[in-house]
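J.: Once you've had a glance at the structure underneath, I'll fire off some questions.
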Amino acid sequence: MSRPSVEQVWQWLDAVPDPEIPVLSLVDLGIIRDVAWAEDTLQVTVTPTYSGCPATTVINLEIEAALRARGVEKLELRRQLSPAWTTDWLSQKGRQRLEEYGIAPPQPSGAPARCPRCGSEQLEKISQFGSTPCKAQWRCQSCLEPFEHFKCI
Amino acid sequence: MTREEALFQFLLRMGDNTLVLGQRVSEWCGHAPVLEEDIALANTALDLIGQTQMWLNLAGEVEGKGRDADKLAFLRDVWDFRNLLLVELPNGDFGRTMMRQFLFDAWQSVLLGRLTNSAEPRVAEIAEKAGKEVAYHVERSSGTVVGLGDGTEESHARMQAALDYLWPYVGEMFASDAVDEEMARAGIAPDPAGLREEYDALVGRVLGEATLSIPEGGFFHKGGKDGARHTEHLGHMLTEMQWLQRAYPGASW
């Protein structure tokens, strides 16, 4: 096969869902830091979200599976720690999808802007942690529903 | 001691602190007072174990004998561990666990802040990564210490008892030895004594808000970070943590 362009690879990776929050793609999450060809080897640079996140291993497997399925033979996955991942790297599309999915997107203030279900701004924090390392638990005081907030780091 | 040997010891200290505390905190999984706290403790433990992988993998790389984080975590016995005594102490009640977490988080947040300027780029990048997680940990643990300290008569008494018990283990964080001197000389890590002022300011502010009193007296227990004398508790913890590798050497999946 002919060598796919870097832009093409980015598009393919944008179709790979995050294993824990499948409405986000790996590109939406901001963890793909670089895609480059080094001669005939495709190098994909990935940064971890949280250092202990168990999804990291699965993510690497899924990147590999997705690219192999497209015919990439020589692939090198590189890990990059610095600059450390920040939720500022979440794409606009990703933020919108998170909210539609019921997870409040990260806000610089550290608190969600509004309830992802009813839009109320009357909110209370239940816990600083949630079902995955990247989320905290909040509750809406208007519709009384609990919801998750994507932690801002 | 060469610089590489000192760096190896320093990295073991960083990784063993997070490993041992991570294991301790994970003992709460399924036992915390309420579900939200259970999840928070498990997530904190997960972050600490993740940081352990980074520190101990680098330690193994620096040592150059083919040991990685798993080998260092599971194939060493008590006398080779280099963690502070504070983190190996049993959990006690929820209050004591959170007090220990706060005393450790506060120290780690100050230390990691300094390490982001380390002359060793591999140390600086781990510190940058871990520092973001720890900023979040200290926010949670200080909030809990204030909530329980300035809470009911019962919760206040328990938090004061926890502080009285744990405070004599804080001093070890700031004691310097030959490893620290070498790291400071190389610009890799700060002299531990130089962190005390910032630590005392942070801890003093939170404990004041929590209406708790820091015990008087300068005595402190030591022997963890140089491995000279761990408490009896670490060995018991390791028998559980390392059980699989001891029973089935080399097992993997």
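The values are calculated or read from the model by the stated rules, or taken from the named source; none is laboratory data. As the structure is a computational prediction, the values presented were derived from the model and not from experiment. Cβ coordinates were reconstructed from backbone atoms using ideal geometry, including for glycine residues, and neighbour counts include every protein chain displayed. In case anyone asks, the SASA skips ligands and DNA or RNA and just uses the protein heavy atoms, side chains included. Shrake-Rupley method; radii C 1.70, N 1.55, O 1.52, S 1.80 Å.
J.: Answer with yes or no whether B:Val110 is under 16 Å from B:Pro190 (Cα atoms) and either aromatic (Phe, Trp, Tyr) or in a helix (DSSP H, G or I) (or both). Spell out the reasoning first.
T.: Details: under 16 Å from B:Pro190 (Cα atoms): yes; either aromatic (Phe, Trp, Tyr) or in a helix (DSSP H, G or I) (or both): yes.
Yes.
J.: Out of the residues in segment A:51-76 meeting the condition of being within 21 Å of B:Trp253 (Cβ to Cβ) and not in a helix (DSSP H, G or I), tell me which one is modelled with the highest pLDDT.
T.: Let us first name the residues in segment A:51-76 that are within 21 Å of B:Trp253 (Cβ to Cβ), namely A:52-62, A:64-65.
Right, trim to not in a helix (DSSP H, G or I) and you get A:52-54.
On the way: A:Gly52: 88, A:Cys53: 85, A:Pro54: 84.
Looking at the filtered set, the residue picked out is A:Gly52.
J.: Where in segment B:159-253 are the helices (runs of 4 or more DSSP H), entirely inside, with at least 2 residues that are farther than 24 Å from B:Asn91 by Cβ?
T.: Details: elements: B:178-185, B:196-209, B:232-241, B:243-247.
Filter on segment B:159-253 gives B:178-185, B:196-209.
J.: Something else about it: Which of (1) touching a Pro at 6+ places or on another chain (Cβ under 9 Å); (2) crowded, with 24+ Cβ neighbours inside 10 Å does B:Ala127 not meet, given it meets every other one?
T.: Tallying (1) touching a Pro at 6+ places or on another chain (Cβ under 9 Å); (2) crowded, with 24+ Cβ neighbours inside 10 Å, B:Ala127 fails exactly one: (1).
J.: When B:Ala130 is evaluated against the numbered criteria (1) facing chain A (nearest Cβ under 10 Å); (2) under 24 Å from A:Ile126 (Cβ atoms); (3) of a type outside the set (D, E, K, R); (4) touching a residue at least 40 places away in the same chain (Cβ under 8 Å), which criterion, by number, is the only one it fails?
T.: Checking B:Ala130 against (1) facing chain A (nearest Cβ under 10 Å); (2) under 24 Å from A:Ile126 (Cβ atoms); (3) of a type outside the set (D, E, K, R); (4) touching a residue at least 40 places away in the same chain (Cβ under 8 Å), the one that fails is (2).
J.: Within segment A:70-84, which residues are touching a strand residue (DSSP E or B) at 6+ places or on another chain (Cβ under 6 Å) and either farther than 17 Å from A:Thr56 by Cα or more than 14 Å from chain B (Cβ to nearest Cβ) (or both)?
T.: Correct list: A:Val72, A:Lys74, A:Leu75, A:Glu76, A:Leu77.
J.: Checking B:Tyr136 against (1) at pLDDT 95 or above; (2) within 14 Å of chain A (Cβ to nearest Cβ), which test does it fail?
T.: Going through the list (1) at pLDDT 95 or above; (2) within 14 Å of chain A (Cβ to nearest Cβ), B:Tyr136 breaks only (1).
J.: For segment A:113-153, please list each of the strands (runs of 3 or more DSSP E) lying entirely inside it that holds at least 3 residues being free of Cβ contacts under 8 Å to residues at least 60 places away in the same chain and surrounded by 20 or more Cβ atoms within 10 Å (Cβ to Cβ). Explain how you work it out, then say what you get.
T.: Details: elements: A:123-127, A:135-140, A:146-150.
Per the criteria, A:135-140, A:146-150.
J.: Right, B:Arg82: under 28 Å from B:Ser176 (Cβ atoms), touching a residue at least 60 places away in the same chain (Cβ under 8 Å), part of a loop (DSSP other than H, G, I, E, B) and open to solvent by 10 Å² or more (accessible area, probe 1.4 Å) or not? I'd like the intermediate steps shown before the answer.
T.: Working: under 28 Å from B:Ser176 (Cβ atoms): yes; touching a residue at least 60 places away in the same chain (Cβ under 8 Å): yes; part of a loop (DSSP other than H, G, I, E, B): yes; open to solvent by 10 Å² or more (accessible area, probe 1.4 Å): yes.
For B:Arg82, the condition - under 28 Å from B:Ser176 (Cβ atoms), touching a residue at least 60 places away in the same chain (Cβ under 8 Å), part of a loop (DSSP other than H, G, I, E, B) and open to solvent by 10 Å² or more (accessible area, probe 1.4 Å) - is met.
J.: Could you list, in sequence order, the residues of segment B:35-67 that are closer than 28 Å to A:Ile126 by Cβ and more than 9 Å from every other protein chain (Cβ to nearest Cβ)?
T.: From segment B:35-67, those closer than 28 Å to A:Ile126 by Cβ are B:35-51; that's our starting set.
Result: B:Asp38, single match.
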